[in-house]
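The values are calculated or read from the model by the stated rules, or taken from the named source; none is laboratory data. Computed from a prediction, not measured in an experiment: that's the story for all the values here. Because the Cβ atoms are built from the backbone with ideal geometry, glycine has one as well, and the counts that use them run over all protein chains shown. Areas reflect the complete protein model, heavy atoms only, side chains present, ligands, DNA and RNA absent. Shrake-Rupley method; radii C 1.70, N 1.55, O 1.52, S 1.80 Å.
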Amino acid sequence: MRIARDLDSLRREAAALRAAAGGGALALVPTMGALHAGHLALVAAARRAAPVVAVSIFVNPLQFGPHEDLATYPRDEEGDLAKLRGAGCDLVWLPSVEAMYPPGSVTVVEVAGPPAEGFEGAHRPGHFRGVATVCAKLFLQTGAEVALFGEKDWQQLQVVRRMVRDLDLPVRIEPVPTVREADGLALSSRNRFLTAEERARAPLLAASLREAAAALAAGGPAAPVLAEATAALAAAGFAVDYFALVEAESLRPIEALGDRPARLVAAARLGRVRLLDNIGVPPPEGR
Ligand code: PAF
(Lines give C-alpha, C1' and ligand atoms only; values in the text may rest on other atoms or scores of the structure.)
Protein backbone atom coordinates (compact mmCIF):
# COMPACT_ATOMS: atom_id res chain seq x y z
CA MET A 1 0.00 0.00 0.00
CA ARG A 2 1.45 3.37 -1.02
CA ILE A 3 1.13 6.49 1.08
CA ALA A 4 1.23 10.01 -0.40
CA ARG A 5 1.53 13.14 1.71
CA ASP A 6 1.99 15.74 -1.04
CA LEU A 7 0.21 16.29 -4.32
CA ASP A 8 3.17 15.38 -6.54
CA SER A 9 3.60 11.99 -4.89
CA LEU A 10 -0.16 11.40 -4.99
CA ARG A 11 -0.26 11.98 -8.75
CA ARG A 12 2.89 9.93 -9.34
CA GLU A 13 1.67 6.97 -7.23
CA ALA A 14 -1.84 7.09 -8.74
CA ALA A 15 -0.39 7.09 -12.27
CA ALA A 16 1.93 4.15 -11.44
CA LEU A 17 -0.93 2.13 -9.93
CA ARG A 18 -3.21 2.84 -12.89
CA ALA A 19 -0.45 1.81 -15.32
CA ALA A 20 0.16 -1.40 -13.35
CA ALA A 21 -3.58 -2.10 -13.58
CA GLY A 22 -3.48 -1.78 -17.36
CA GLY A 23 -4.75 1.80 -17.40
CA GLY A 24 -7.66 0.95 -15.12
CA ALA A 25 -9.99 3.28 -13.23
CA LEU A 26 -9.39 4.59 -9.72
CA ALA A 27 -12.05 4.48 -7.00
CA LEU A 28 -11.76 6.98 -4.16
CA VAL A 29 -13.08 6.65 -0.63
CA PRO A 30 -12.92 10.09 1.03
CA THR A 31 -12.67 9.86 4.83
CA MET A 32 -11.65 11.86 7.86
CA GLY A 33 -9.94 8.83 9.40
CA ALA A 34 -10.76 7.11 12.72
CA LEU A 35 -11.88 4.30 10.46
CA HIS A 36 -14.55 1.77 11.42
CA ALA A 37 -16.44 -1.04 9.68
CA GLY A 38 -18.58 1.52 7.81
CA HIS A 39 -15.47 2.92 6.11
CA LEU A 40 -14.22 -0.59 5.38
CA ALA A 41 -17.55 -1.34 3.64
CA LEU A 42 -16.82 1.69 1.41
CA VAL A 43 -13.36 0.30 0.66
CA ALA A 44 -14.87 -3.11 -0.18
CA ALA A 45 -17.36 -1.41 -2.53
CA ALA A 46 -14.47 0.55 -4.08
CA ARG A 47 -12.60 -2.73 -4.66
CA ARG A 48 -15.60 -4.01 -6.63
CA ALA A 49 -15.92 -0.72 -8.55
CA ALA A 50 -12.38 -0.25 -9.89
CA PRO A 51 -8.98 -1.98 -10.07
CA VAL A 52 -7.21 0.81 -8.14
CA VAL A 53 -8.51 1.86 -4.71
CA ALA A 54 -7.44 5.08 -3.01
CA VAL A 55 -8.56 6.29 0.42
CA SER A 56 -8.07 9.87 1.57
CA ILE A 57 -7.67 10.65 5.26
CA PHE A 58 -8.05 14.33 5.98
CA VAL A 59 -9.79 16.03 8.90
CA ASN A 60 -11.05 18.97 6.89
CA PRO A 61 -11.01 22.17 8.98
CA LEU A 62 -13.20 23.93 6.40
CA GLN A 63 -16.25 21.83 7.29
CA PHE A 64 -16.10 22.46 11.06
CA GLY A 65 -17.76 25.49 12.64
CA PRO A 66 -15.80 27.64 15.12
CA HIS A 67 -17.48 25.93 18.11
CA GLU A 68 -17.36 22.39 16.75
CA ASP A 69 -15.07 19.48 17.57
CA LEU A 70 -12.18 19.96 15.09
CA ALA A 71 -9.58 19.87 17.88
CA THR A 72 -10.99 16.73 19.49
CA TYR A 73 -12.09 14.89 16.34
CA PRO A 74 -10.64 11.35 16.72
CA ARG A 75 -7.34 10.75 14.93
CA ASP A 76 -5.56 7.39 14.66
CA GLU A 77 -3.20 7.36 11.67
CA GLU A 78 -1.38 4.16 12.62
CA GLY A 79 -4.58 2.23 13.32
CA ASP A 80 -6.18 3.55 10.11
CA LEU A 81 -3.22 2.48 7.98
CA ALA A 82 -3.27 -1.02 9.50
CA LYS A 83 -7.00 -1.34 8.73
CA LEU A 84 -6.53 -0.11 5.17
CA ARG A 85 -3.68 -2.57 4.57
CA GLY A 86 -6.00 -5.37 5.68
CA ALA A 87 -8.82 -4.06 3.47
CA GLY A 88 -6.76 -4.14 0.27
CA CYS A 89 -6.39 -0.38 -0.24
CA ASP A 90 -3.72 0.51 -2.83
CA LEU A 91 -3.05 4.16 -2.07
CA VAL A 92 -3.64 6.43 0.93
CA TRP A 93 -3.76 10.20 0.42
CA LEU A 94 -2.76 11.81 3.73
CA PRO A 95 -2.33 15.53 3.07
CA SER A 96 -1.50 18.06 5.77
CA VAL A 97 -3.77 21.11 6.06
CA GLU A 98 -1.06 23.13 4.24
CA ALA A 99 -0.91 20.58 1.40
CA MET A 100 -4.69 20.69 1.00
CA TYR A 101 -5.07 24.45 1.44
CA PRO A 102 -1.74 26.12 0.61
CA PRO A 103 -1.34 29.61 2.08
CA GLY A 104 -3.29 32.10 -0.02
CA SER A 105 -6.00 29.63 -1.07
CA VAL A 106 -9.37 31.40 -1.08
CA THR A 107 -11.51 29.46 -3.59
CA VAL A 108 -14.50 27.52 -2.28
CA VAL A 109 -17.32 25.48 -3.79
CA GLU A 110 -20.83 26.25 -2.61
CA VAL A 111 -23.97 24.25 -3.38
CA ALA A 112 -26.17 27.31 -3.06
CA GLY A 113 -29.63 25.74 -2.71
CA PRO A 114 -31.32 22.41 -2.11
CA PRO A 115 -30.17 19.84 -1.09
CA ALA A 116 -27.64 21.86 0.95
CA GLU A 117 -30.29 24.06 2.63
CA GLY A 118 -31.92 23.09 5.91
CA PHE A 119 -31.04 20.31 8.34
CA GLU A 120 -27.23 20.00 8.52
CA GLY A 121 -26.97 23.09 6.30
CA ALA A 122 -28.95 25.11 8.85
CA HIS A 123 -27.49 23.56 12.00
CA ARG A 124 -23.90 23.74 10.77
CA PRO A 125 -23.53 26.94 8.70
CA GLY A 126 -20.66 26.62 6.23
CA HIS A 127 -20.42 22.85 6.75
CA PHE A 128 -21.44 21.88 3.22
CA ARG A 129 -19.24 24.59 1.71
CA GLY A 130 -16.33 22.84 3.42
CA VAL A 131 -17.49 19.38 2.32
CA ALA A 132 -18.10 20.44 -1.31
CA THR A 133 -14.77 22.27 -1.50
CA VAL A 134 -12.70 19.39 -0.16
CA CYS A 135 -14.57 16.76 -2.19
CA ALA A 136 -14.10 18.77 -5.42
CA LYS A 137 -10.39 19.04 -4.61
CA LEU A 138 -10.11 15.32 -3.74
CA PHE A 139 -11.79 14.34 -7.03
CA LEU A 140 -9.46 16.60 -9.03
CA GLN A 141 -6.33 15.63 -7.07
CA THR A 142 -6.87 11.88 -7.47
CA GLY A 143 -8.60 11.95 -10.89
CA ALA A 144 -10.98 9.32 -9.48
CA GLU A 145 -13.53 7.89 -11.93
CA VAL A 146 -15.74 6.77 -9.04
CA ALA A 147 -16.12 7.92 -5.44
CA LEU A 148 -17.93 6.04 -2.69
CA PHE A 149 -20.03 7.74 0.00
CA GLY A 150 -22.00 6.24 2.88
CA GLU A 151 -25.77 6.71 3.03
CA LYS A 152 -25.35 7.44 6.74
CA ASP A 153 -24.64 11.08 5.80
CA TRP A 154 -27.60 11.22 3.44
CA GLN A 155 -27.68 14.99 2.96
CA GLN A 156 -23.91 15.06 2.33
CA LEU A 157 -24.35 12.37 -0.34
CA GLN A 158 -27.03 14.48 -2.11
CA VAL A 159 -24.92 17.64 -1.84
CA VAL A 160 -21.91 15.90 -3.42
CA ARG A 161 -24.09 14.45 -6.19
CA ARG A 162 -25.57 17.90 -6.90
CA MET A 163 -22.10 19.46 -7.06
CA VAL A 164 -20.81 16.75 -9.41
CA ARG A 165 -23.79 17.26 -11.74
CA ASP A 166 -23.64 21.06 -11.62
CA LEU A 167 -19.89 21.25 -12.24
CA ASP A 168 -19.79 18.37 -14.77
CA LEU A 169 -17.09 16.68 -12.72
CA PRO A 170 -16.06 13.43 -14.43
CA VAL A 171 -16.64 11.20 -11.40
CA ARG A 172 -19.46 8.78 -10.63
CA ILE A 173 -20.80 8.92 -7.07
CA GLU A 174 -21.75 5.53 -5.65
CA PRO A 175 -23.80 5.32 -2.43
CA VAL A 176 -23.11 2.53 0.06
CA PRO A 177 -25.74 1.47 2.64
CA THR A 178 -25.23 2.47 6.28
CA VAL A 179 -23.40 -0.09 8.41
CA ARG A 180 -25.05 -0.63 11.80
CA GLU A 181 -24.24 -2.25 15.11
CA ALA A 182 -26.32 -5.35 15.95
CA ASP A 183 -28.72 -3.12 17.94
CA GLY A 184 -29.26 -0.75 15.00
CA LEU A 185 -26.96 2.15 15.92
CA ALA A 186 -25.37 3.57 12.76
CA LEU A 187 -21.57 3.38 12.92
CA SER A 188 -19.83 6.73 13.34
CA SER A 189 -16.33 7.75 14.40
CA ARG A 190 -17.89 9.94 17.09
CA ASN A 191 -19.79 7.04 18.76
CA ARG A 192 -16.64 6.35 20.83
CA PHE A 193 -17.48 9.48 22.85
CA LEU A 194 -20.80 8.03 24.10
CA THR A 195 -20.72 6.97 27.74
CA ALA A 196 -21.79 3.37 28.42
CA GLU A 197 -25.18 4.60 29.56
CA GLU A 198 -25.65 6.83 26.47
CA ARG A 199 -24.48 3.99 24.22
CA ALA A 200 -27.25 1.82 25.64
CA ARG A 201 -29.85 4.48 24.76
CA ALA A 202 -28.40 5.51 21.38
CA PRO A 203 -30.12 2.80 19.24
CA LEU A 204 -33.45 4.48 20.04
CA LEU A 205 -32.76 6.96 17.23
CA ALA A 206 -32.62 4.20 14.59
CA ALA A 207 -35.59 2.43 16.19
CA SER A 208 -37.65 5.66 16.06
CA LEU A 209 -36.82 6.05 12.36
CA ARG A 210 -37.90 2.47 11.65
CA GLU A 211 -41.16 2.91 13.59
CA ALA A 212 -41.94 6.24 11.93
CA ALA A 213 -41.24 4.74 8.48
CA ALA A 214 -43.66 1.90 9.21
CA ALA A 215 -46.34 4.32 10.44
CA LEU A 216 -45.94 6.53 7.35
CA ALA A 217 -46.15 3.54 5.01
CA ALA A 218 -49.71 3.03 6.25
CA GLY A 219 -50.59 6.42 4.69
CA GLY A 220 -51.73 9.68 6.31
CA PRO A 221 -50.02 12.95 7.20
CA ALA A 222 -46.45 13.00 8.46
CA ALA A 223 -46.82 15.68 11.15
CA PRO A 224 -48.28 13.50 13.97
CA VAL A 225 -45.84 10.68 13.25
CA LEU A 226 -42.87 13.07 13.34
CA ALA A 227 -44.15 14.80 16.50
CA GLU A 228 -44.59 11.47 18.28
CA ALA A 229 -41.07 10.31 17.36
CA THR A 230 -39.56 13.63 18.45
CA ALA A 231 -41.42 13.53 21.78
CA ALA A 232 -40.37 9.92 22.47
CA LEU A 233 -36.72 10.78 21.80
CA ALA A 234 -36.91 13.90 23.98
CA ALA A 235 -38.46 11.84 26.78
CA ALA A 236 -35.47 9.47 26.52
CA GLY A 237 -33.05 12.38 26.99
CA PHE A 238 -32.16 13.15 23.34
CA ALA A 239 -31.95 16.82 22.31
CA VAL A 240 -33.56 16.52 18.88
CA ASP A 241 -32.29 18.94 16.22
CA TYR A 242 -34.69 17.61 13.60
CA PHE A 243 -36.76 14.55 12.72
CA ALA A 244 -38.24 15.15 9.28
CA LEU A 245 -39.74 13.58 6.18
CA VAL A 246 -38.08 14.87 3.02
CA GLU A 247 -37.86 14.30 -0.70
CA ALA A 248 -34.89 11.96 -0.91
CA GLU A 249 -32.89 13.90 -3.50
CA SER A 250 -33.67 17.57 -2.78
CA LEU A 251 -34.12 17.22 1.01
CA ARG A 252 -37.24 19.41 0.69
CA PRO A 253 -39.59 18.68 3.60
CA ILE A 254 -42.84 16.96 2.58
CA GLU A 255 -46.12 16.59 4.45
CA ALA A 256 -46.99 13.06 3.34
CA LEU A 257 -45.61 10.32 1.13
CA GLY A 258 -46.18 10.87 -2.57
CA ASP A 259 -44.86 9.32 -5.74
CA ARG A 260 -41.25 10.44 -5.32
CA PRO A 261 -38.69 8.64 -3.18
CA ALA A 262 -38.79 9.92 0.39
CA ARG A 263 -36.41 9.74 3.34
CA LEU A 264 -36.72 10.26 7.06
CA VAL A 265 -33.73 12.23 8.32
CA ALA A 266 -32.86 12.86 11.96
CA ALA A 267 -30.20 14.43 14.13
CA ALA A 268 -30.17 14.42 17.91
CA ARG A 269 -27.63 15.09 20.59
CA LEU A 270 -26.97 12.58 23.34
CA GLY A 271 -24.46 13.92 25.85
CA ARG A 272 -21.58 15.39 23.84
CA VAL A 273 -22.32 13.31 20.73
CA ARG A 274 -24.53 14.45 17.88
CA LEU A 275 -26.08 11.38 16.27
CA LEU A 276 -27.20 11.48 12.64
CA ASP A 277 -29.31 8.84 10.94
CA ASN A 278 -31.82 8.37 8.13
CA ILE A 279 -33.95 5.71 6.48
CA GLY A 280 -35.70 5.30 3.13
CA VAL A 281 -39.51 5.29 3.28
CA PRO A 282 -41.36 3.14 0.74
CA PRO A 283 -44.54 4.57 -0.88
CA PRO A 284 -47.78 4.02 1.08
CA GLU A 285 -49.21 0.50 0.99
CA GLY A 286 -51.48 -0.26 -1.94
CA ARG A 287 -50.00 2.47 -4.14
O1 PAF B 1 -18.02 12.12 5.55
C2 PAF B 1 -16.85 12.49 5.78
O3 PAF B 1 -16.05 11.79 6.41
C4 PAF B 1 -16.39 13.86 5.29
O5 PAF B 1 -17.43 14.78 5.32
C6 PAF B 1 -15.74 13.81 3.90
C7 PAF B 1 -16.72 13.34 2.84
C8 PAF B 1 -14.54 12.87 3.93
C9 PAF B 1 -15.26 15.20 3.49
O10 PAF B 1 -14.33 15.70 4.40
Checklist entry - What is the distance, in nm, between label points placed 7 Å from the Cα along the Cα-to-Cβ direction at residue 1 and at residue 97? => result 2.5 nm
Item to check | On Cα atoms only, tilt of 7-20 relative to the major axis of the chain in degrees | outcome: 90 degrees
Checklist outcome for this item: Projecting the Cα atoms of 109, 91, 20 onto the charge dipole of region 1-126, where Lys and Arg contribute +1 and Asp and Glu -1 at Cβ, the residue farthest towards the positive end is 20
Next on the checklist: To test your reading of the geometry: what angle, between 0 and 90 degrees and rounded to tens, separates the Cα axis of helix 77-87 from the longest principal axis of the chain?
Outcome noted: 90 degrees
Item to check | Euclidean distance of C-alpha centroids, region 3-30 and region 137-209, integer Å | outcome: 24 Å
Checklist entry - Taking amide hydrogens as modeled 1.01 Å from N in the peptide plane, which residues meet the under 5 Å criterion relative to residue 275, leaving out close sequence neighbours? => result 268, 269, 270
Checklist entry - For the chain, what is the relative contact order in percent, using Cα pairs closer than 8 Å and at least 6 residues apart in sequence? => result 17 percent
Checklist entry - Give me the log10 of I(q) over I(0) for the chain at q = 0.07, 0.11, 0.13 Å⁻¹, as the Debye formula computes it from C-alpha points; what are the numbers? => result -0.27, -0.67, -0.92
Next on the checklist: Per residue, how large is the accessible surface of region 223-276? Use a 1.4 angstrom probe and give square angstrom.
Outcome noted: 47 Å²
Item to check | Diffusion constant of region 209-287 at 20 °C, which comes from Stokes-Einstein with the Kirkwood Cα-pair radius and 1.002 mPa s, µm²/s | outcome: 169 µm²/s
Item to check | Residue-level accessible surface for residue 277, protein heavy atoms, 1.4 Å, Å² | outcome: 10 Å²
Next on the checklist: If amide hydrogens are placed 1.01 Å from N in the peptide plane, which non-local residues have theirs closer than 5 Å to the one on residue 2?
Outcome noted: 91, 92
Checklist entry - Roughly how many Å² of residue 208 are accessible to a 1.4 Å probe, to the nearest 10? => result 10 Å²
Checklist entry - Could you give the accessible area per residue of region 75-171, probe 1.4 Å, as a whole number in Å²? => result 43 Å²
Checklist entry - Can you give the convex hull volume of the alpha carbon atoms of region 143-242 per residue, in Å³? => result 143 Å³
Next on the checklist: Considering only protein heavy atoms and a probe of 1.4 Å, how much of the accessible area of region 121-211 is carbon and sulfur, as a whole percent?
Outcome noted: 53 percent
Checklist entry - Using Cα atoms only, what is the angle between the long axis of helix 223-235 and the major principal axis of the chain, expressed in degrees (0 to 90) to the nearest 10? => result 80 degrees
